[in-house]
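The values are calculated or read from the model by the stated rules, or taken from the named source; none is laboratory data. Treat the numbers as computed from the prediction; the structure is a model and nothing was measured. Cβ atoms come from the backbone with ideal geometry, glycine included; neighbour counts cover every protein chain shown.
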Amino acid sequence: MLRQRIITAAWLAPLALFGLFGLDGAGFGLFTAAIVLLAGWEWANLAGVAAPGRRLLPVAGLAVLIALCWASGVAWESWPLWLGALGWLVNLYWVTGYPQRLAQWQSTGMRLGMGLWVLLPTWIGFNVLRESGAVWLLFVLLLVWGADIGAYFVGRAFGRRKLAPAVSPGKTWEGVSGGLAVTAALAVGFAVWQGLGLASGLALLGATLVVTLASVLGDLLESMLKRHRGIKDSSRLLPGHGGVLDRIDSLTAAVPLFALLQGGVL
């Protein structure tokens, strides 16, 4: 398993870095759309569409919406990000109320709708951030990775109080605190690097803490859906690493929210 994980990472990491930072314009839009559509294929399974062939229909629908957003210029506008933020408030309500509120979202149609307000704003958020400058796209990626690393090590060392035991028993409040500490340090470092003034630096710090918490919610949402579906990984598209959604679940919440906040306060 470790050998397979290393082999997959050896080709996946350079591909991801080239696509995210070596491409721009239409090339970047197509690259990120491909990621989101693969995640959409996996989401259809989480929604209860088990047959691989049948999953192509919701993926095709998502592809059409992406194309329409690109053609109309919506791909670089902020209002879809506001709709996505409202959707994440609903997701928060469901995650914190699992399994008591299961009946509200367990139908296949509702889960597919949930995927729409998660995945489409993710793609738009990528485009908005890339348009703002690669540095902010880099920042949100480092934010999510830093939050994961901080949560993992602090949670293992000091974790006692369960965050959401019904959804993801391994996560703790101490782990969340560790993730917040790492991303706060990252925000301070970026503020100094970019030469931000005090007001902008504090705004970046505040946005970072909010987005860090959102990234945790993104992870919990996918964990909730997988638990309900009775599966460990979203797919086997990435040998040794599970599926695309398993790698970008935190980003689906962090990217659109940071794109929204970055445009408003920085």
If a residue must be part of a loop (DSSP other than H, G, I, E, B) and touching a residue at least 24 places away in the same chain (Cβ under 8 Å), how many such residues does the stretch 37-54 contain? 3
Give the residues of the stretch 117-138 that are free of Cβ contacts under 8 Å to residues at least 60 places away in the same chain and touching a Phe, Trp or Tyr at 6+ places or on another chain (Cβ under 9 Å), sorted by residue number. W117, E131, V135
Close pairs (7 angstrom Cβ cut-off, 6 or more residues apart or separate chains): in a helix (DSSP H, G or I) in the stretch 11-30, surrounded by 11 or more Cβ atoms within 10 Å (Cβ to Cβ) anywhere: L12/L238; G19/F31; L20/L137; F21/A134; F28/R130; G29/W70; G29/A75; G29/N127
Do we have any residue at all in the stretch 198-217 that's surrounded by fewer than 18 Cβ atoms within 10 Å (Cβ to Cβ), assigned to a helix (DSSP H, G or I) and of a type in the set (S, T, Y)? yes
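Looking at P256, P239 in this structure, which one is farther than 22 Å from G175 by Cβ and modelled with pLDDT of 95 or more?
P256
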Suppose we filter T108, T96, T122 for residues that are in contact with a helix residue (DSSP H, G or I) (Cβ under 6 Å, 6 or more places away or on another chain), hydroxyl-bearing (S, T, Y) and under 27 Å from G48 (Cα atoms); which single one remains? T122
